[in-house]
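Below is one structure, written out as structure tokens; comments come after it.
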Amino acid sequence: MREAAAAPEAHHEALEYIERETAGAGQVQRRVLAEILVQNVPAEYLCRLGVAGDAPGAAEAFLPAAPLVTYEDILQDVLRIANGDTSPILSGKPIREFLTRYAARPPGRPPSIDVRRRTRRRGS
């Protein structure tokens, strides 16, 4: 019987912990988005959306301006990057390696994009 009484208290403590830790999640997300936008000011993608990443209120302007995109929506950008274009297309910094995963995806679904920035040369 005593174990059953302890369980609700443990759940209550766990819920209180979650509440404390996530209380400012929205503010943290906005701050992180603002930092990402500042880092990507030169990106063509932001320019096409009409968002100046370093302007005050950029995060608030980005959210309604940035649609949910599909692979096909950015395919031309992806192809430019895959073909060696190093201009800031989707990112303010050059994308050094562009890998496309074809494994473990449902038939008819476009591949996911795995973009990794290499810090060392191949073979080293």
Listing V51, V41, V78, V28 by rising number of other beta-carbon atoms within 10 angstrom, fewest first, gives V28, V41, V78, V51
Evaluated at q = 0.13, 0.18, 0.21 Å⁻¹: base-10 log I(q)/I(0), Debye formula over Cα of the range 1-67:
-0.52, -0.69, -0.82
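Using 0.36 nm per residue of separation minus the Cα-Cα distance, give me the extension gain between L15 and E44 in nm, one decimal. Walk me through the intermediate numbers first.
Numbers: separation 29, 0.36 × 29 = 10.44 nm, distance 4.30 nm.
Here the answer is 6.1 nm.
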List every residue whose amide H lies under 5 Å from the amide H of A43, counting only residues 5 or more places away in sequence or on a different chain, with H placed 1.01 Å from N in the peptide plane.
G92
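Bear in mind that the values in this text are calculations on the coordinates, not laboratory data. Computed from a prediction, not measured in an experiment: that's the story for all the values here. Backbone-built Cβ (ideal geometry, glycine too); neighbour counts: all protein chains shown.
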